[in-house]
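Remarks on the structure that follows.
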Amino acid sequence: QALAQPVSCEHCATQAGQLTMVPTATDSHGQFKEELDVRVLRAIATPLADVLMSRGCRSAGQVLSKPELLGGALQELRADDVDQKTEAVLSSCQKEVSSAWATADSAWDLLQKASSRVPLVLPCQRLSELLGNALRPGGSILEVCGVAGAGKTQLCLQICAAAQIPPLGADGTRGLAEAIFVDVEGSFVPRRYAQICHALLAERRPGLDLGSPAGAMELEAVLRGMHVCRTFNAAELFSTVKKLSTFLQARPRVRALVVDSIAFCFRHEFSDNLPQRSRVLADVAATLRRYGAEHDLTVVTTNHMTTRFDRAVGGDSSGGWLAPALGETWAHQPSTQLRLERVKHGQGCASQAQPLGRATLTKSVEQATGRSCVYVISHAGLRDAPENHQNVDFR
């Protein structure tokens, strides 16, 4: 969490909606003062923080010293059990403030911790090598973007299956895990996921007869471990993400969290209030990163593509290009971005049953961008394309 001194009206020197961070002094015991901006507190959701800001309550210290403001804000949001929720938020806020900057990890500690986390292994070897540590559980977000039909959902399903059915360890005792799929677009097809899991079980559990009762029970166990949360608008998506904390605490075997897609609701529902959209998206991203760090999850989101224009040159429809949606504010949230492209009809040698696609690394905190690989979408999921397809021209 960041330590901040909220900017008062008479000292306001920033644009509306911009969060200004000024470090505070410490007392004689080295404890930081309660001046965290309410918008960076995990204990206070974004809608609640907005109401508190409108009432002049800008810092954690003000929230703790004036609990009646918090109760009034909850009443304005029509929350149930206002008194109980007020006490719960105040308690969480106090714990968060008291622990702020209490400890710091060294670079060596972080390196050791990251190295101890085993990355997911996809059955598509070239794609696994391309993503590298982006598939390693931790506090980062992998964004998969592309036009419709490029294979974004197929890749997400493959990632969930790989998380649930890891390769057997050296002792052959590595068991099944679980995954969460937040379905925003209604793109999750249970039969397709069962098909992908069936194929992966056949590859990674060669001694298991999937036609036997034991094999059927194993496939059923995998499917029961896939938790699908269907949301229909931005409010439901936000609420679902924020409430996953309790679910994750009760499900320690969850290894992957997918949101498909982050852009589906936010592209249109907040078109008349971009600052609010930016705050909510930042809140969602921070929550997803926290889940990844605290619960050792591989976090994946998908994004749409939109057309951008260079208005400084020409200003018309000329010079347009495809770019991920949600603008620059969201572009800073994922640590890794993978762009998928589908092959056009008549290119390459792929049949309609197994279309080709190219995955290009467009953002990474660890690797050089621009590297790519070609994949095939088959009945078994995403697999490496044959060698003679690796140089197909996708332009």
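Some values worked out for this structure:
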read-out	value
Of all residues making up region 116-147, the number that are among the charged types (D, E, K, R) and farther than 18 Å from Gln367 by Cα	1
Any hit, region 203-221, residues being hydrophobic (A, V, I, L, M, F, W, C) and under 26 Å from the mean Cα position of the chain (by Cα)	yes
Index of the failed condition, Asp316 passing every other in (1) at pLDDT below 75; (2) in contact with a Lys or Arg (Cβ under 8 Å, 6 or more places away or on another chain); (3) of a type in the set (Asp, Glu)	(2)
Single match in Leu168, Leu110, Leu130, Leu122 (criterion: hydrophobic (A, V, I, L, M, F, W, C), at pLDDT below 90, within 27 Å of Gly381 (Cβ to Cβ) and more than 18 Å from the chain's Cα centre (by Cα))	Leu168
Options Leu248, Leu244, Leu219: the member that is touching a His at 6+ places or on another chain (Cβ under 8 Å) and under 23 Å from Ser92 (Cα atoms)	Leu248
Condition broken by Gly132, with the remaining ones in (1) open to solvent by less than 20 Å² (accessible area, probe 1.4 Å); (2) in contact with a Pro (Cβ under 8 Å, 6 or more places away or on another chain); (3) assigned to a helix (DSSP H, G or I) satisfied	(1)
Only one of Gly207, Gly175, Gly139 that is part of a loop (DSSP other than H, G, I, E, B) and in contact (Cβ under 8 Å) with a residue 12 or more places away in the chain	Gly139
Filtered residues of region 25-66 (kept if at pLDDT 85 or above, of a type outside the set (Gly, Ala, Ser) and open to solvent by 50 Å² or more (accessible area, probe 1.4 Å))	Pro47, Arg55, Arg58, Gln62, Lys66
Failed condition for Gln94, given (1) open to solvent by less than 40 Å² (accessible area, probe 1.4 Å); (2) in a helix (DSSP H, G or I)	(1)
Subset tally (residues that are among the hydroxyl-bearing types (Ser, Thr, Tyr) and either open to solvent by 40 Å² or more (accessible area, probe 1.4 Å) or under 15 Å from Ala163 (Cα atoms) (or both)) for region 181-202	1
Pairs, first farther than 14 Å from Ala45 by Cβ in region 272-289, second of a type in the set (A, V, I, L, M) and open to solvent by less than 70 Å² (accessible area, probe 1.4 Å), C-beta under 6 Å, six or more apart	Leu288/Ile141; Leu288/Val299
Qualifying residue in region 261-276 (condition: open to solvent by 40 Å² or more (accessible area, probe 1.4 Å) and under 27 Å from Glu96 (Cβ atoms))	yes
For Cys145: the one exception among (1) in contact (Cβ under 8 Å) with a residue 24 or more places away in the chain; (2) open to solvent by less than 40 Å² (accessible area, probe 1.4 Å); (3) within 20 Å of Ala177 (Cα to Cα); (4) not aliphatic (A, V, I, L, M)	(3)
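The values are calculated or read from the model by the stated rules, or taken from the named source; none is laboratory data. Values in this document were obtained by computation on a predicted structure and should not be read as measured data. Cβ coordinates were reconstructed from backbone atoms using ideal geometry, including for glycine residues, and neighbour counts include every protein chain displayed. When the accessible area is computed, the model is the full protein with side chains, heavy atoms only, and any ligands, DNA or RNA have been set aside. Shrake-Rupley method; radii C 1.70, N 1.55, O 1.52, S 1.80 Å.
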